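The values are calculated or read from the model by the stated rules, or taken from the named source; none is laboratory data. The structure presented is a predicted model; accordingly, all values stated were derived computationally and were not measured. Cβ placement follows ideal geometry from the backbone for every residue including glycine, while neighbour counts extend to all protein chains displayed. Just so you know, the surface numbers come from the protein's heavy atoms only, side chains and all, with ligands and any DNA or RNA stripped out. Shrake-Rupley method; radii C 1.70, N 1.55, O 1.52, S 1.80 Å.
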Amino acid sequence: MRRYLIRKMVIYALTFFLAVTIDWLIPRFMPGDPIRNMLTRVSVASNATAIQMMYDYYARLFGLDLPLWQQYLNFWKALFQGDLGISTYLFPTPVVDVLKRAVPYDVFLLVPAVLLGWYTGNKFGAFAARSKRLDNFVLPISYILTATPYMWLGILMAWFFGIVVGIFPIAGAYSFSLRPTWSVTFLLDLLHHWFLPFASLFIIEFGGWAIGMRNMIIYELEAEYSRYLNALGAPKSLVRKYAFDNAILPQITGLALKLGVIVAGALVTEVVFSYPGIGYLLLAAIQNQDYFLIQGCFLFIVLGVLIANFVIDLVYLVVDPRTRRGMVGESA
């Protein structure tokens, strides 16, 4: 176990280093200048000398007057101190404070969509595989759902439920007339705004997991051990239980691979619904060439995907006895 965990930690550390390095490089290859963009928004000076003096001051403040290699080393030094810099788009707010305001909305949206979509999709796919009539109905619907782009479904739901029917709001995390509190009124309003972004993510996830589990259950029920149990007269419920236990293992692996995709889906969904999570913040940062906010948003995404994958690796050790036996064999 120790050897397995050390090997995994080394792999994740290297992945983190490469991903964060790419995260640092990408904004600097973007066209535009974050300081000039900021001065365009906030500066009222018309004198070229005054503007140049302000530009030089902010370049020194953000450390952008240094060579790239020194900026890179300073970035890692600041990162290990918990400093992600100051946002040029929301100057003078530190990036950490900006992310603190956005991350709770992301967690509130992503965690239920991922976990509920995975759990209910697997359960429903296993149930549908038992009945040919139900399977003929579920299969085409699941194919349609899993092939539907997140953004397209979000736009469609916003148009129908927000404009045509008018029962859900289509923008923001809460009404502009309210302020965040722990009151019942605010929490109900928060859920009211949260439902459409959540539903657009959940529906697509549900369809993908349902069709995956349906295919796996059918494969497992045709396996030799299932036929052997049926020949012995074992109850169908027992055969289905063994089939589900074996079919769920690839689904757990698929969940780890799916996390990166669902994060991307959340980004575009937040843009569609103007939901103030990391995705909506990232779009504003890109539009304003905010190097430091772009780095912070991608850093959160990288950390989220790596941590979730590591947790799933640990879960795999618990649910798959073959993995544990393999580690025991290696150490014997």
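I'm trying to understand the selection: among the residues of region 125-184, which are touching a helix residue (DSSP H, G or I) at 6+ places or on another chain (Cβ under 7 Å), of a type outside the set (Val, Ile, Thr), more than 30 Å from Gln251 (Cα to Cα) and not in a helix (DSSP H, G or I)? Listed by number, the residues that qualify are Phe168, Pro169, Gly172, Ala173, Tyr174, Ser175, Leu178, Pro180. Filter region 1-33 down to the residues that are at pLDDT below 80 and part of a helix (DSSP H, G or I), then identify the one that is least open to solvent (accessible area, probe 1.4 Å). So the residue we want is Tyr4. Note on region 110-139: among residues that are at pLDDT below 80 and of a type outside the set (A, V, I, L, M), the one that is most open to solvent (accessible area, probe 1.4 Å) is Arg133.
Quick one: which helices (runs of 4 or more DSSP H) sit completely within region 220-296 and have at least 2 residues that are among the charged types (D, E, K, R), in contact (Cβ under 8 Å) with a residue 40 or more places away in the chain and open to solvent by 50 Å² or more (accessible area, probe 1.4 Å)? So that I can check it myself, show each step before the final result.
On the way: elements: 224-231, 236-272, 278-287.
Result: 236-272.
Within the bounds of region 119-128, is there any residue that is of a type in the set (Ser, Thr, Tyr), closer than 18 Å to Gly304 by Cα and in contact (Cβ under 8 Å) with a residue 60 or more places away in the chain? No, region 119-128 has no match at all.
It is to be established whether one or more residues within region 68-82 are surrounded by 14 or more Cβ atoms within 10 Å (Cβ to Cβ), assigned to a loop (DSSP other than H, G, I, E, B) and either free of Cβ contacts under 8 Å to residues at least 12 places away in the same chain or not hydroxyl-bearing (Ser, Thr, Tyr) (or both). No: region 68-82 contains no residue that is surrounded by 14 or more Cβ atoms within 10 Å (Cβ to Cβ), assigned to a loop (DSSP other than H, G, I, E, B) and either free of Cβ contacts under 8 Å to residues at least 12 places away in the same chain or not hydroxyl-bearing (Ser, Thr, Tyr) (or both).
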